[in-house]
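Colleague: For reference, the structure I am asking about is given below.
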Amino acid sequence: MNNKIIDLHKASVMNTYTRAPIVMERGQGSYLFDSEGKKYLDFFPGFGVGVIGHAHPAIADAISKQATKLIHLSNTLYNSLQAEFAARISALTNSGKCFFANSGAEANEAAIKFARQFGSQTGRNEIITFKNSFHGRTYASMSATGQAKFHKGFEPLLPGFSYAEFNSMDSVREKMSGKTVAVLIEIVQGEGGINLAEKSFIEELFKLCKDKDILFMVDEVQTGFGRTGKYFAYQHFDIEPDIVTLAKAIGGGLPMGAMVVRRDLCDIFKPGMHASTFGGSPIVCAAGLAMLDVIENEHLIEQIPGKSEHMAAKLEEIKSGCSRIDRIEGKGLMWGVKFKDNCADVVSECLEHGLIINCTAGSVLRMLPAINVSLEEIDMMAAILNKVLTGKEK
Ligand SMILES: *Cc1c(COP(=O)(O)O)cnc(C)c1O
């Protein structure tokens, strides 16, 4: 049965992803179940989308109720859900206004277009991003991405991007010119291997942008909605971004992306300048609202520090018994186990033992568990990972 599905898949779906030969059927919280009923502990739910795990009943309920009312509505009319959701997002971020799209790449695309429109008033169009960043796969977001491996064969890229060294003000100053209009940065680089921005770096960078009327844009596509222990990663610092881009977790599992722009700048975008047919559909907003309610009602953000400490301690313990591991880096429930060598083998072995994690940047095991994960589930993860790495039961 599985082989038949996989064969049909291979015959019909383009080969743009590396997939494990497992057919998943359903999910529940931090677990996935395959077509043979085998249970997997998912420490990488939906590539960072599953911030409250799989199939949360509140989200299922919101989606099914809304589906009987109104699934999609043209953005030439009003619906209460888009308004309510935007107001909630605004209150949680920079008090700005939202533009809704359908993915992280599109959220960044919107931010890049906004920055260019903003800069057109002063003849500026250059954007500084960072080495090892990841901003998406569309032309603008790919061009913004500071990793050559994502560009190969797709040149010429969109002009106007330069890539500074992460955590280096000297490098930023070197890249900056009179044409610089914006900086786009991940506070914790995800795809690039879980690299944390330093507080002094972010605060200095923010100040420099303020001084030079350069837009400070943060890509919170992966770090958003509690992932790092605050609603948004920039909130660990004393800064207020001009633009915040969001996606992954935002729609409670449904596709959504958003750009939140500082209130006094918003009106640079006028009717007709940018659009998305599906952006902010009622059903996606209903799911997003349900997700925000869950985070609030279940006090999930408040519980992250304890879970984070527990997970860090467990990972450090594993590191002490495994010479392949160089170091552990992370924040909240976003962790990277940095290996001295390629760690793809660890991911497939963990999968065989019923644990789903990810390998990024070649040598970094990445874990983005649901923030409603339990301490017992963190222990289970650690036991499996330890067994895979050391051959020892704990
Ligand atoms: C995943 C990701 C994106 C791209 O999001 P898509 O929804 O895949 O387009 C952009 N930025 C960051 C930081 C991401 O992690």
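Computed from the coordinates by the stated procedures, all read-outs in this text should not be read as laboratory data. All values reported here derive from a predicted model rather than from experimental measurement. Please note: Cβ atoms are built from the backbone with ideal geometry, for glycine as well, and neighbour counts cover all protein chains shown.
Colleague: With +1 on the Cβ of every Lys and Arg and -1 on the Cβ of every Asp and Glu, and nothing else charged, how large is the dipole of region 198-298 about its Cα centre, in debye rounded to the nearest 20?
Modeller: With Lys and Arg at +1 and Asp and Glu at -1, about 240 debye.
Colleague: With the alpha-carbon atoms as the only input, what is the per residue convex hull volume for the chain in Å³?
Modeller: About 153 Å³ per residue, rounded to a whole number.
Colleague: Let me spell out the model: positive unit charges on the Cβ of Lys and Arg, negative unit charges on the Cβ of Asp and Glu, origin at the Cα centre of the chain. What dipole size does that give, in debye rounded to 20?
Modeller: That gives the chain a dipole magnitude of about 700 debye.
Colleague: Rounded to the nearest Å, what's the spacing between the alpha carbon centres of region 127-201 and region 10-52? Just the number, please.
Modeller: 30 Å
Colleague: Mind pulling the angle between the C-alpha long axis of helix 375-390 and the longest principal axis of the chain? Nearest 10 degrees, somewhere in 0 to 90.
Modeller: On a 0 to 90 degree scale, this one is about 70.
Colleague: Let me ask something additional. Relative to the longest principal axis of the C-alpha atoms of the chain, give the angle of the C-alpha long axis of helix 80-92, reported between 0 and 90° and rounded to the nearest 10°.
Modeller: With both axes taken from Cα atoms, the answer is about 90 degrees.
Colleague: Can I ask one more? With no solvent and one point on each alpha carbon, what is the Debye value of log10 I(q)/I(0) for region 327-381 at q = 0.21 Å⁻¹?
Modeller: The computed values of log10 I(q)/I(0) come out as -0.81.
Colleague: While we're here: Using only the C-alpha atoms of region 3-47, find the volume of their convex hull and express it per residue in Å³.
Modeller: 83 Å³
Colleague: Could you list, in their original order, any pairs among K10/K39; K152/K210; K113/K307; K331/K392; K10/K152 whose Cα atoms are separated by more than 30 Å?
Modeller: K152/K210; K113/K307
Colleague: Relative contact order of region 285-394, please, whole-number percent, based on alpha carbon pairs below 8 angstrom and at least 6 residues apart.
Modeller: Relative contact order comes out at 23 percent.
Colleague: Specify, per residue and in Å³, the volume enclosed by the convex hull of the alpha carbon atoms belonging to region 277-394.
Modeller: Here the figure is 130 Å³ per residue.
Colleague: Tilt of helix 104-119 relative to the longest C-alpha principal axis of the chain, in degrees (0 to 90, nearest 10)?
Modeller: Helix 104-119 sits at roughly 20 degrees to that axis.
Colleague: If you don't mind, there's one more thing I want to ask. Among N94, N125, N297, which one shows the highest mean-square fluctuation when the chain is modelled as a Gaussian network with alpha-carbon springs under 10 Å?
Modeller: N297
Colleague: Here's a follow-up. Going by a ≥ b ≥ c, the root eigenvalues of the Cα gyration tensor, does region 36-194 fall in the rounded group (a/c under 1.5), the prolate group (a/b larger than b/c) or the oblate group?
Modeller: The shape class here is oblate.
Colleague: Where in the chain lies the longest segment free of chymotrypsin sites (Phe, Trp or Tyr not before Pro) that are both loop residues by DSSP (not H, G, I, E, B) and have at most 11 other Cβ atoms within 10 Å?
Modeller: 155-394
Colleague: Here's a follow-up. Relative contact order (percent) for the chain, with alpha-carbon contacts under 8 angstrom and 6 or more residues of separation?
Modeller: About 22 percent, as a whole number.
Colleague: Work out the charge dipole of the chain with +1 on the Cβ of Lys and Arg and -1 on the Cβ of Asp and Glu about the Cα centre, then indicate which of H299, V51, L375 is farthest towards its positive end.
Modeller: Projecting each Cα onto the dipole axis, the largest value belongs to V51.
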